[in-house]
Amino acid sequence: MRGVQWVLAGLPVAAVVAAAAVMPMRRWAGRRAFAWERAREEGWEAERERTGARARGVGPRRRAAVAVGAGLAVAVLVGGGVGAVAGVLAAVGVFRWSARARSPTDRRAALEEEVMLRQLPLGAELLAACLGSAALPSAAVSAVGRSVGVPLGPRLVAIGAELALGAPPELCWTRLGEQHPSLAPLARCLVRTSLSGAPAAGPLIGLAQAQRAAAARAAHARVRRAAVLATAPLGLCFLPAFVLVGVVPVVIGLTSRFAQAM
């Protein structure tokens, strides 16, 4: 009974220690993703290779070190044989959770998709303006690609070069949407206008407005989710302590009285 009480008392502290041990790894992953983006934007190939090699080499060792640290902290806090078992379980859980983190290549691809999604409304509006001024589709796409910057810009420049060489517009835009899911709305819009022969300026303006509205809704949803998650540490740390201090003694006292009465 005493061992169970020690385990219950140590759970909130162990959770806080494990979270404190994992947070540096999350900040390290964020710094690595920022380094990837900076290297890609500025063309630092050597920096990109160095960053990727360091991320690949340090990742497993860092995960193991964090897992061992969390396990030792739990074992010391709980103590005894129960603490050793709880420490092993905590170390295994932290290591398996941290192993789910994406590789540097996956993080870079996800970051590029996110940046292209943010660039999509501006690119659609610029493309609508260029096409509305009676410019050739290949020239309009190339001009917009040189204006919006990476990562959307080089892809639009490549599409413009293909169109200038006489490639079918439907094939070019369909392939772009398949390769980059964040650009699929733009690709579908341009495929429809290319097949129907209708002016593309109006649908592109509507697409830009819809994407901005979706981005605003996503931002509000993240704010609401952050407000909910902010209360999680309070419940995780103080609710078990309230149960142990306020409820468990009352239950034990009532049980003892009932046992004496019988």
Karplus-derived 3J(HN,Hα), 6.51/-1.76/1.60, for each residue of segment 246-259, Hz, glycine and proline x: x, 9, 4, x, 5, 5, 5, x, 5, 5, 5, 5, 5, 5
Cβ-Cβ FRET estimate between Leu165 and Leu229, R0 fixed at 35 Å, reported to 0.05: 0.10
Rounded to whole Hz, the Karplus (6.51, -1.76, 1.60) HN-Hα couplings of segment 178-195, x for glycine and proline: 6, 6, 10, x, 5, 9, 4, x, 5, 5, 5, 4, 6, 5, 4, 5, 5, 6
Residue exposure sequence - Ile159, Ile252, Ile205 - by fewest surrounding Cβ within 10 Å: Ile252, Ile205, Ile159
HN-Hα J in Hz across segment 172-177 - Karplus 6.51, -1.76, 1.60, θ = phi - 60°, x for Gly and Pro: 5, 6, 5, 5, 5, x
Rounded, prolate or oblate (a/c below 1.5 giving rounded, otherwise prolate when a/b exceeds b/c) for segment 110-221 by Cα gyration tensor: prolate
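Values in this text are rule-based calculations from the coordinates and carry no lab data. The shown structure was predicted, so the numbers you read here are calculated from the model rather than taken from an experiment. All Cβ positions, even for glycine, are placed from backbone atoms using ideal geometry, and neighbour counts span all protein chains on display.
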